[in-house]
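Take a look at the structure below.
Coordinate-derived values only; no laboratory data. Predicted model only: the values in this text are computed from it and were never measured. Cβ atoms come from the backbone with ideal geometry, glycine included; neighbour counts cover every protein chain shown.
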Amino acid sequence: MHPVTYAEPAEPQPEIPLLGGDVTEGVVRVGDTVRRPVGPNAPLVHALLRHLEEVGFAGAPRFLGVDAAGREVLTFVPGEVAGRPRPEWVADEDRLASVGRLVRDYDEAVAGFTVPEGVRPGAGASERPGMPPAPHYPAELVGHMDYTPDNIVFRDGRAAALIDFDLAKPVARVEEPLNAMLHWAPLGDPADADPPLRGLDVPRRCRILADAYGMSGTDRSRLVEVAVLRARRSWFSMRQLAEERGGGWARMWDEGVGDRIKRREAWLERNGAALEAVLTAP
Ligand SMILES: Nc1ncnc2c1ncn2[C@@H]1O[C@H](COP(=O)(O)OP(=O)(O)O)[C@@H](O)[C@H]1O
Ligand SMILES: [Mg+2]
């Protein structure tokens with residue numbers, strides 16, 4: 001599958017660096033487009049973005065092709081993205097519910113998409129000996145799986161679009177609202193939460209996300225189990241990505257992401273039963 005070459009407009013436009021992402025170096029805005037280096041998961045991401053365009057999903061950038069410098073060209077999505085330091089509004093419960101709805105809308109829009117033949121989802125770390133097992137629930141859809149505040153564009157105080165599909169991969173549905181909870185509840189040791197998200201009622205915020213998403217009863221009762229398995233596995237794969245890819249991954253590891261994941265696992269061991277009770281209460 002060869003992506004089309006992007007036809008530049010006649011008037012050259014300046015490149016404006018876009019900050020706020022964790023990993024990708026060299027993301028720039030040019031006119032009403034964004035240019036990003038083509039990552040290892042690009043074959044899947046480009047097909048996925050094309051699918052979202054075909055089904056008319058408004059909450060994602062359009063993929064326009066590859067420019068002369070070999071970068072992917074996406075439409076610039078106007079709106080507000082939480083940078084760092086995090087704004088107070090990341091704690092707002094109406095915004096939180098809108099995140100749950102947007103994740104649900106994406107999961108509905110992606111339901112008819114299958115990984116094209118010959119494309120290998122290349123988001124994560126390769127399977128290595130000693131890697132803790134992934135949850136055994138079968139994949140149901142190609143999840144976005146990176147719902148950080150930096151990857152959601154808000155308009156009029158509501159989550160309006162997703163960006164940064166680099167970690168997209170086939171997952172069980174429960175993994176999608178779980179990923180949103182990790183970043184927005186946030187699910188982890190309160191000491192590790194960004195200041196505006198500290199001291200909040202985490203199970204209550206998970207419940208708001210679950211309800212806005214419309215999680216099934218089955219997925220609600222799977223959530224804690226999957227969260228613990230994911231924490232164990234992501235400690236291992238974050239370390240591996242830091243070793244194999246360096247760059248932003250190594251920086252995150254050096255900044256203590258591994259310890260944060262361990263503290264999240266410990267928090268889940270202490271609070272999992274209470275969380276599950278809140279999620280499954282009538
Ligand atoms: N299509 C887009 N429309 C608007 N802003 C974007 C778009 N793509 C990226 N950005 C901005 O650039 C930042 C970094 O880009 P992102 O694709 O998330 O890279 P990273 O992999 O580093 O997280 C985002 O947090 C967002 O603010
Ligand atoms: Mg990002």
**Q.** Zero-based 10 Å bins, Cα pair distances in the chain, whole percents
**A.** 6, 28, 37, 23, 5, 1, 0
Q) What is the sum of charges around SER126, taking Lys and Arg as +1, Asp and Glu as -1, for the other residues whose C-beta is under 15 Å from the C-beta of SER126? A) +3
Q: Please give the direction-averaged projected area of the C-alpha convex hull for the range 156-282, in square nanometres with one decimal.
A: 8.7
**Q.** Fully extended contour minus Cα-Cα distance, from ALA250 to ALA273, at 0.36 nm per residue
**A.** 4.9 nm
Q: Subtracting the Cα-Cα distance from 0.36 nm times the residue separation, let me have the gained length for VAL4 to ARG155 in nm, one decimal.
A: 51.3 nm
Q: Using packing as a proxy for protection, rank 46-52, 92-98 so that the peptide with the highest average count of other Cβ atoms within 10 Å comes first.
A: 46-52, 92-98
Q) Which percent, to the nearest 5, of DSSP beta bridges fully inside the chain are antiparallel? A) 95
Q: Take TYR6, TYR147 and order them by how many other Cβ atoms sit within 10 Å, fewest up front.
A: TYR6, TYR147
Q) Quick one: THR148, THR114, fewest Cβ neighbours within 10 Å first, how do they rank? A) THR114, THR148
Q: Round to the nearest 0.05 the FRET efficiency obtained for SER221 and ARG50 when R0 = 30 Å and r is the Cβ-Cβ distance.
A: 0.25
Q: Name the shape class, rounded, prolate or oblate, that the alpha-carbon gyration tensor gives for the range 1-113, where a ≥ b ≥ c are the square roots of its eigenvalues, rounded holds for a/c under 1.5, and otherwise prolate holds if a/b is larger than b/c and oblate otherwise.
A: oblate
Q) Working out 0.36 nm times the residue gap between GLU11 and LEU200, then minus their Cα-Cα distance, what length gain in nm do you get to one decimal? A) 63.1 nm
Q: Work the Kirkwood hydrodynamic radius out for the range 47-96: mean of 1/r over every pair of different alpha-carbon atoms, inverted, in Å.
A: 13.5
Q. For the chain, what does -39500 (n - 2.57) per DSSP helix run (n ≥ 4), summed and divided by total residues, give at 222 nm, in deg cm²/dmol to the nearest 500?
A. -13500 deg cm²/dmol
Q.
How large is the convex hull of the C-alpha atoms of the range 31-179 per residue, in Å³?
A. 147
Q) Roughly what would the spin-label model give for THR75 and GLU127, points 7 Å off Cα along C-beta, in nm? A) 3.9
